[in-house]
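Visitor: Next up is a structure, given as structure tokens.
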Amino acid sequence: MDCEKRSRWLTLFEVTSVSVLLLVHLWCIQRWLHSRIAVISIPVLIGMIMVAAFARRRESLRSAGVEPRQLTSGWRSMIAFTAIGFVALVISGLIWGHLSVSKADLKWASEYVPCLIGQQLALQVFLNNRLYMLGTGLSESKRLWLAVFASAFIFALLHFPNPWLVLSVVPAAIFWTWHFRIHENLAAAIAGHLILGVSAMLTLGNGPLIRLSVGWPAWVKMMGY
């Protein structure tokens, strides 16, 4: 097996293993194991795989979306998309009658920030970049859309079984991954995700989005256990 094929197989293994481990963490660990060690073991393992993947590919500041020159790129389109999403969430919250701000929601928002940064690192720097690499040999357009749609699909899958959250995540993930491929600006993706995530919690979190729960916790709430 030549170096290029071996590298592609390793990349596929990295993407698959991280995706499967995330699903195991969201479903199996939170369903059957409740010790602190069990809960943090999977995220630590995922982090180790991602760090090893970054080291193997020698991730650059540009590909990681943190090169200083790139941090000013793409803000207009990100602001426009985020503004549209924000307005849609506020209107939806008013229609559903769940528009509210409580201390519990504000506490959730403060705890959400580290998780959100980790989500965008995983979505863009890890998944998006590696799925783009797997498209080597295809035209530039096909590589871009393979990375965009495959990344968005995996990201949406990780929000299952919360139906309204999955539906709302799909267009956002498609835009964020497309935006990152074009502008390579991680800060813009994090800012857009932060505003829409907190807005979703404050407008629909106590309604159809069931506090943005995913995996086994979402299933428990949906089934009324």
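Visitor: Has region 167-176 got any residue that is touching an Asp or Glu at 6+ places or on another chain (Cβ under 8 Å) and modelled with pLDDT of 90 or more?
Guide: no
Visitor: Take the residues in region 53-85 that are farther than 21 Å from Ala189 by Cα and without any contact (Cβ under 8 Å) to a residue 24 or more places away in the chain; name whichever of them is surrounded by the most Cβ atoms within 10 Å (Cβ to Cβ).
Guide: So the residue we want is Ala55.
Visitor: Looking at region 162-196, which of its residues are farther than 13 Å from Gly65 by Cβ and among the aliphatic types (A, V, I, L, M)?
Guide: Once the filter is applied, which keeps residues that are farther than 13 Å from Gly65 by Cβ and among the aliphatic types (A, V, I, L, M), region 162-196 yields Leu165, Val166, Leu167, Val169, Val170, Ala172, Ala173, Ile174, Leu194, Ile195, Leu196.
The values are calculated or read from the model by the stated rules, or taken from the named source; none is laboratory data. Because the structure is a prediction, the values reported are computed rather than measured. Reconstructed Cβ throughout: ideal geometry from the backbone, glycine too, with neighbour counts over all protein chains shown.
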